Amino acid sequence: MLKTRGLKKVYNHDDRPLEVLKGVDMEAVKGEFISVLGASGAGKSTLLHLLGGLDEPSSGKVYYKDVDIYRMRDNERALLRNRKFGFVFQFYHLLPEFTALENVMLPGLIAGSQSGHVREKARGLLEIVGLEKRLSHRPSQLSGGEQQRVAIARALVNEPEVLICDEPTGNLDSSTGEKIIELIRRLNQEKGYLVIVATHSRELADISSRIIHIKDGKIIRGGENGA
């Protein structure tokens with residue numbers, strides 16, 4: 001479903017090139033749960049952003065179902081992100097002026113779906129993540145764990161095929177983090193999403209079907225969990 005070949009990313013830092021990814025080759029198939037492990041600065045987030053079409057590689061390819069997503073026009077890639085990819089970030093990125101329900105509805109409205117249909121889907125998703133009583137609350141009225149569950153519901157409203165999570169438990173206490181981990185695991189198992197998670201969490205890694213270790217911008221090893 002997702003594949004990279006020779007993926008590189010270089011940033012200019014203090015007028016010097018900073019090579020963050022150094023030729024990454026990887027493949028991921030439908031239904032996998034992949035954890036990407038590595039120290040801060042190893043390139044985990046950059047890899048996820050490139051896999052999801054959120055950034056431009058310096059060189060190399062990212063294929064979604066054998067289509068090079070960086071040969072698409074910008075609007076085509078934006079449509080792909082909206083309809084086929086769901087994103088969950090460490091800092092939630094909820095819009096503060098909107099309610100939980102409205103935040104979850106946004107990707108569906110952007111996709112052009114009917115408002116009433118999107119509202120019902122959003123309600124259903126918030127019920128799945130245990131927030132059916134918090135629909136009208138704004139982010140400032142929600143705990144960190146509740147905000148992350150809203151973010152997960154938002155990522156799912158367009159029924160994506162790929163769920164990309166960048167440190168989804170990084171801002172949460174251990175108890176709340178465990179609930180988020182269990183929710184992501186359940187979504188992977190019951191819905192068959194391809195889940196790719198960048199994390200420092202050993203608990204997340206332990207429930208993955210495959211672990212990829214990245215160091216200094218390169219994959220140093222990867223395989224079935226336990227390899």
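The values are calculated or read from the model by the stated rules, or taken from the named source; none is laboratory data. Here the structure is a predicted model, which means the values were calculated and not measured. Here Cβ is always computed from backbone atoms with ideal geometry, including for glycine, and neighbour counts include all displayed protein chains. Areas reflect the complete protein model, heavy atoms only, side chains present, ligands, DNA and RNA absent. Shrake-Rupley method; radii C 1.70, N 1.55, O 1.52, S 1.80 Å.
Table for the structure above
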| item | result |
| --- | --- |
| Exclusive hit being under 23 Å from residue 169 (Cα atoms), of a type in the set (Val, Ile, Thr) and either in contact (Cβ under 8 Å) with a residue 24 or more places away in the chain or surrounded by 16 or more Cβ atoms within 10 Å (Cβ to Cβ) (or both), set 24, 88 | 88 |
| Every residue from segment 194-220 that is small (Gly, Ala, Ser) and either open to solvent by 60 Å² or more (accessible area, probe 1.4 Å) or in a strand (DSSP E or B) (or both) | 198 |
| Close pairs from segment 202-213: first under 16 Å from residue 30 (Cα atoms), partner among the hydroxyl-bearing types (Ser, Thr, Tyr), Cβ under 8 Å, at least 6 apart | 208/35; 210/35; 211/35 |
| Single unsatisfied condition, residue 95 versus (1) surrounded by fewer than 21 Cβ atoms within 10 Å (Cβ to Cβ); (2) of a type in the set (A, V, I, L, M, F, W, C); (3) modelled with pLDDT under 95 | (3) |
| Lone qualifier among 131, 79 - being modelled with pLDDT under 95, over 25 Å from residue 169 (Cβ atoms) and not acidic (Asp, Glu) | 79 |
| Flag if residue 50 is in a helix (DSSP H, G or I) and open to solvent by 80 Å² or more (accessible area, probe 1.4 Å) | no |
| Selection within segment 1-12 - surrounded by 14 or more Cβ atoms within 10 Å (Cβ to Cβ) and either assigned to a strand (DSSP E or B) or among the aromatic types (Phe, Trp, Tyr) (or both) | 2, 3, 4, 5, 7, 8, 9, 10 |
| Residue within segment 180-190 that is assigned to a loop (DSSP other than H, G, I, E, B) and open to solvent by 10 Å² or more (accessible area, probe 1.4 Å) present | no |
| Segment 194-226, residues that are over 23 Å from residue 41 (Cα atoms) and either hydrophobic (A, V, I, L, M, F, W, C) or at pLDDT 90 or above (or both) | 194, 207, 209 |
| Enumeration of residues in segment 86-100 that are farther than 22 Å from residue 119 by Cβ and not in a loop (DSSP other than H, G, I, E, B) | 89 |
| Odd one out for residue 110 among (1) surrounded by 18 or more Cβ atoms within 10 Å (Cβ to Cβ); (2) modelled with pLDDT under 95; (3) of a type in the set (Val, Ile, Thr) | (1) |
| Within segment 53-80, tally of residues that are loosely packed, with under 15 Cβ neighbours inside 10 Å and at positive phi | 2 |
| Count - residues of segment 163-179 that are surrounded by fewer than 20 Cβ atoms within 10 Å (Cβ to Cβ), in a loop (DSSP other than H, G, I, E, B) and either among the aliphatic types (A, V, I, L, M) or free of Cβ contacts under 8 Å to residues at least 60 places away in the same chain (or both) | 1 |
| Some residue of segment 13-23 being out of contact with any Gly (no Cβ under 9 Å at 6 or more places or on another chain) and assigned to a loop (DSSP other than H, G, I, E, B) | yes |
| Members of segment 113-132 that are assigned to a loop (DSSP other than H, G, I, E, B) and open to solvent by 60 Å² or more (accessible area, probe 1.4 Å) | 114, 132 |
